[in-house]
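*Asks:* I have a structure here, written as structure tokens, and I will follow up with some questions on it.
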């Protein structure tokens with residue numbers, strides 16, 4: 001059943017003196033069967049978490065918030081004034097685990113600011129700058145170092161950990177293609193090289209829908225990896241039937257783990273502003289869900305591959 005058109009079953013009236021209850025109430029309704037909130041004498045527009053789908057109607061009597069029920073993988077939780085997503089692939093999260101996740105998020109939000117000593121691939125940096133200035137002309141007037149600071153590659157005079165991951169040689173992204181006659185491997189030393197050089201080769205023979213889903217899984221693995229846990233991201237592509245297994249360090253967090261990388265991804269057009277890539281994957285494969293390997297702290301994603309025509313061996317190259 002489409003949650004956008006399912007009838008809302010709960011209703012509540014909230015006065016101005018109870019306005020602070022709105023985020024939690026909206027979240028609770030979206031987690032159950034939906035609902036309607038009537039606001040007496042005030043406009044609640046600034047109090048509704050924008051991450052939660054809703055419609056807001058105004059009339060002489062006041063404002064009405066209509067909240068649809070959400071599919072399980074989109075259900076939010078409001079805690080401390082912030083919206084948190086469910087951890088996909090983990091069915092039960094104890095109160096202790098939730099607190100641990102929040103503490104981990106707080107630490108990780110500062111991690112990709114850390115200064116590092118690494119050498120950048122100048123070709124990758126030049127390509128990135130050309131791509132960004134084509135999309136954001138207002139950045140074209142800045143000198144190289146200031147341009148890279150504004151993009152998050154540098155913090156002051158220091159190269160950030162995120163900048164080194166994006167353009168340095170501190171990372172390995174590996175694609176393993178398994179054929180009946182043996183294996184072949186493609187490898188990149190940084191995120192930009194992986195996205196610009198490896199990804200087009202892996203999607204060249206795929207149908208447009210499949211290539212779009214593959215691209216989102218590839219991008220999510222690069223952006224959301226826990227690079228403290230490991231710096232090897234592997235995409236294994238097998239025939240009979242053709243499928244890809246993406247495996248990257250770390251489990252899914254409630255917020256973006258690498259915020260400087262996120263800015264670089266958005267500026268260069270790798271991702272849009274909303275970062276809802278898994279919705280695109282589910283449009284291609286409705287049963288898709290991430291697998292959380294909590295013991296080894298890895299996230300896995302598997303989708304079947306379809307080509308514009310039949311995919312022979314080798315599957316993609």
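Only the coordinates and a few stated rules stand behind these numbers; no lab work does. Since we're looking at a predicted model, the values are computed, not measured. Positions of Cβ are generated from backbone atoms using ideal geometry, with glycine treated the same way; all protein chains shown enter the neighbour counts.
*Asks:* Considering the convex hull of the alpha carbon atoms of region 112-317, report its projected area averaged over all viewing directions, in nm², one decimal. Spell out each step's value before the answer.
*Replies:* Details: hull surface 48.0 nm².
Mean projected area of the Cα convex hull: 12.0 nm².
*Asks:* Which semi-axes, in whole Å and largest first, does the equivalent ellipsoid of region 203-263 have when worked out from the alpha carbon gyration tensor as the square roots of 5 times its eigenvalues?
*Replies:* On the way: eigenvalues 117, 40, 15 Å².
Semi-axes, largest first: 24, 14, 9 Å.
*Asks:* Also, quick follow-up: What distance in nm separates the two pseudo spin-label positions at residue 143 and residue 236, each 7 Å out from Cα along the beta-carbon direction?
*Replies:* The modelled label-to-label distance comes out at 5.0 nm.
*Asks:* Can you give the % of DSSP beta bridges in region 10-86 that are antiparallel, to the nearest 5? Let's see the in-between values first.
*Replies:* On the way: 14 of 20 bridges.
Close to 70 percent.
*Asks:* Let me ask something else. Would you mind checking region 31-67 for residues with the amide N under 15 Å from a putative spin-label position 7 Å along Cα→C-beta of residue 16?
*Replies:* It comes to 39-45, 61-63, nothing else.
*Asks:* Want the number for residue 308 to residue 279: 0.36 nm per residue separation, take away the alpha-carbon distance, what's left?
*Replies:* Values: separation 29, 0.36 × 29 = 10.44 nm, distance 2.20 nm.
Full-extension gain reported as 8.2 nm.
*Asks:* Give me the percent of DSSP beta bridges within region 112-317 that run antiparallel, rounded to the nearest 5. Spell out each step's value before the answer.
*Replies:* Working: 26 of 32 bridges.
Antiparallel bridges make up about 80 percent of those DSSP assigns within region 112-317.
*Asks:* Then there is this: Given bins 10 angstrom wide, list per bin the percent of all Cα-Cα distances in region 10-86, short to long.
*Replies:* 21, 56, 21, 2
*Asks:* Please pull out the direction-averaged projected area of region 216-317, using the convex hull of its alpha-carbon atoms, in nm² to one decimal place. Numbers along the way, then the final one.
*Replies:* Details: hull surface 30.4 nm².
With the hull built on Cα positions only, its mean projection is 7.6 nm².
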